[in-house]
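> Before anything else, here's the structure in question.
The values are calculated or read from the model by the stated rules, or taken from the named source; none is laboratory data. Please read these numbers as outputs of a predicted model, since none were measured by experiment. Glycine gets a Cβ as well: all are built from the backbone with ideal geometry, and neighbour counts include every protein chain shown.
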Amino acid sequence: MNAALSRIVGAVWRPTPSSLRGFALAGIVVNCGIAVTGATVRVTGSGLGCPEWPHCTPDSLVPVADPEHDPINMAIEFGNRQLTWLVFAVAALCLIAAYRSHRSDGPLRGRRDLVLLAALQPVGVAMQGVVGGIVVLTDLHPAAVAGHFLASIAMIVAAVALWVRSGESGGPVRSVVRPELRILALVLVAVTAALIVAGTVVTGTGPHAGDIKAPRYALDIVTVTQVHADLVYVTVGLTFALWLALRLTDSPRLARRRAAELLGIELLQGGIGYAQYFLGVPAALAALHVLGAVLVWVAVLRLYFALRVREPVPEPAAPAPAARLAG
């Protein structure tokens, strides 16, 4: 245990590009994880297991016996709240490691961009705390619940960007594919974001509210589900088009592999979505669908970043030798 802790401290205080990427990867994992555990809270009806915020009950910070709340629901909701501290700890490690890298004499010296990306994560955790309080105080209003999930989606952007950028130089960007393919990839990112937002509307209209008292959107579930499905078709179509274009233009292998990975994850996610629809939206599949959503989001971001590289930072020119004084 002590040896593992010493290795972590050393990796934070004397970071390398590899160790910083490791912390960034941990940031991706914990932000995806807390989005999924949040969905688990909702589908188990535990959203108001702790009816107060930041306390669990009016008189206690932790769950205590309460005749109005099931102990299991209280434990699930309180446990999810505690995971926020893990997300914050990883965010803090990322920030310290990025700052130490920036101030070091190593290959990441002077990389303020990494410090900025890392700083977004603890800021995001604080924002999540505020939104989480609003979720509880509004009795799980679907707009607040959606905001809580979308805040995790935004934090995943910063975490993926930090993971990618910490493995690159600080030089200028150079595209490795044709310009129109990068535009197509950007459109794909935007459509995927719209798909995720539409998914929160379906969630806010559907059966898994998180608690019997939670309000619902007054929308037709068939209509909002159809809009969501239409965006799925557009997303998969754009992904297939980009994958095919990358192959036909002999683009780098990494870009083609990222496109194939995204397409595979999308097809699996689509299968889960159809299973939900035909099986009446069982709770386990609803949570699994959230996992699929965050994995799609990570994959589309990785694909976008794979279509460009950064050039090495030019070495500073050596000073000219001083001219000899005449005489």
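> In the set 28, 34, which member is under 18 Å from residue 129 (Cβ atoms), out of contact with any Gly (no Cβ under 8 Å at 6 or more places or on another chain) and surrounded by 17 or more Cβ atoms within 10 Å (Cβ to Cβ)?
Unique residue meeting the criteria: 34.
> Restrict the check to the stretch 77-97 and report whether at least one residue is at pLDDT below 95, under 27 Å from residue 46 (Cβ atoms) and in contact with an Asp or Glu (Cβ under 8 Å, 6 or more places away or on another chain).
Checked the stretch 77-97: no residue is at pLDDT below 95, under 27 Å from residue 46 (Cβ atoms) and in contact with an Asp or Glu (Cβ under 8 Å, 6 or more places away or on another chain).
> In the list 182, 109, 165, which residue meets the criterion of being among the basic types (Lys, Arg), touching a Phe, Trp or Tyr at 6+ places or on another chain (Cβ under 9 Å) and over 30 Å from residue 228 (Cα atoms)?
165
> When the residues of the stretch 167-193 are filtered to those that are polar (S, T, N, Q) and more than 21 Å from residue 263 (Cβ to Cβ), which remaining residue is surrounded by the most Cβ atoms within 10 Å (Cβ to Cβ)?
Restricting to residues being polar (S, T, N, Q) and more than 21 Å from residue 263 (Cβ to Cβ), the top hit is 169.
> Identify the residue in the stretch 275-327 that is of a type in the set (D, E, K, R) and assigned to a loop (DSSP other than H, G, I, E, B) and, among all such residues, is modelled with the highest pLDDT.
Only one residue fits best here, namely 311.
> Give all pairs with beta carbons closer than 7 Å in which a residue from the stretch 103-115 that is more than 10 Å from residue 170 (Cβ to Cβ) meets a residue that is surrounded by 12 or more Cβ atoms within 10 Å (Cβ to Cβ); count only pairs at least 6 apart in sequence or on separate chains.
Every condition considered, the pairs that remain are 106/16; 115/98; 115/99; 115/102.
> Out of all the residues in the stretch 41-77, which are in a helix (DSSP H, G or I) and surrounded by fewer than 18 Cβ atoms within 10 Å (Cβ to Cβ)?
Correct list: 71, 72, 75.
> Under 7 Å between Cβ atoms, at least 6 apart or on separate chains: pull out the pairs that start in the stretch 4-17 with a residue that is over 13 Å from residue 92 (Cα atoms) and end on any residue that is hydrophobic (A, V, I, L, M, F, W, C) and in a loop (DSSP other than H, G, I, E, B).
Going by the 7 Å Cβ cut-off, the qualifying pairs are 17/108.
> Would you say residue 111 is in contact with a helix residue (DSSP H, G or I) (Cβ under 6 Å, 6 or more places away or on another chain), under 25 Å from residue 154 (Cα atoms), of a type in the set (D, E, K, R) and surrounded by 15 or more Cβ atoms within 10 Å (Cβ to Cβ)?
Criteria met by residue 111.
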